[in-house]
Amino acid sequence: MKNHLINKVKFRSPKNQKEFDEYDFFRWKVLREPLGKPIETLKDKFDKDSFHIMGLYNKVIIASGRVHFNNDNEAQIRYMAVDEAFRAQGIGKEVLKILEKYIKNNNAKKIILNARNDVIEFYKNSNYLAVEEYLGSDTGIPHTRMEKKLFKKWESFYYILLQQLFYSLFY
């Protein structure tokens, strides 16, 4: 029988400064330290006003993600990470789902992110589109700008209908 680890992971925002410090350390350990980047490079100007989520397994942080708003219509997901020992078990997908729910509840129309090229398929599997090469990373790792448009249910219906009409006319 398949291990249902995802059911044992608790997802929530850090509650106090100690938890934020542990959360920041996790993000750095997974995303920045392997690249030789100092912990001081971890945060940007949006960090303190962002929505943060972490996944805890046996009270240990094993996943992280963050979202901030570039404007009223556009949210940006950053710092998605899952501990290597816990990957490919649905944990990253759950972090993404929680961030997207937060974004939808705050009425954004579009989500953008800059994905490391080795995880593009992960985001494509959640209906993100690769838009262009992203050259703004300080990591030296190739990234791709990706986006996902958010629709209300009735908008989705009309969008799909128009898309089908377009393809039937031109293909």
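Brief remarks follow.
- For the chain, with all protein chains in place and a probe radius of 1.4 Å, 54% of the accessible heavy-atom surface sits on carbon or sulfur.
- When the helices of the chain are scored as -39500 (n - 2.57) per DSSP H run of n ≥ 4 and the total is divided over every residue, the value at 222 nm lands at -9000 deg cm²/dmol.
- Flagged links, alpha-carbon separation over 29 Å, of LYS45/LYS110; LYS15/LYS124; LYS59/LYS97; LYS8/LYS149: LYS15/LYS124; LYS8/LYS149
- For the chain, the Cβ-based charge dipole about the Cα centre amounts to some 680 debye (Lys, Arg positive; Asp, Glu negative; other atoms uncharged).
- Amide H contacts under 5 Å for LEU150, placed H, 5+ residues apart: LYS110, ILE111
- The ellipsoid equivalent to the alpha-carbon distribution of the chain has semi-axes of 29, 19, 17 angstrom, derived from the gyration tensor eigenvalues as √(5λ) and listed largest first.
- For the chain, hydrophobic long helices are taken as DSSP H runs at least 24 Å long by C-alpha position along their axis with mean Kyte-Doolittle hydropathy of 0.0 or more; these are 153-170.
- FRET efficiency, 1/(1 + (r/R0)^6) with R0 30 Å, evaluated for LYS93 and ASN58 via beta carbons: 0.90
- Taking each residue as 0.36 nm, the span from LYS29 to LEU5 lengthens on full extension beyond its C-alpha to C-alpha distance by 6.4 nm.
The values are calculated or read from the model by the stated rules, or taken from the named source; none is laboratory data. Remember, it's a predicted structure, so these values are computed and weren't measured experimentally. Don't worry about glycine lacking a Cβ; one is built from the backbone with ideal geometry, like all the others, and counts go over all protein chains shown. Remember, those area values only see protein heavy atoms, side chains included, never the ligands or the DNA or RNA. Shrake-Rupley method; radii C 1.70, N 1.55, O 1.52, S 1.80 Å.
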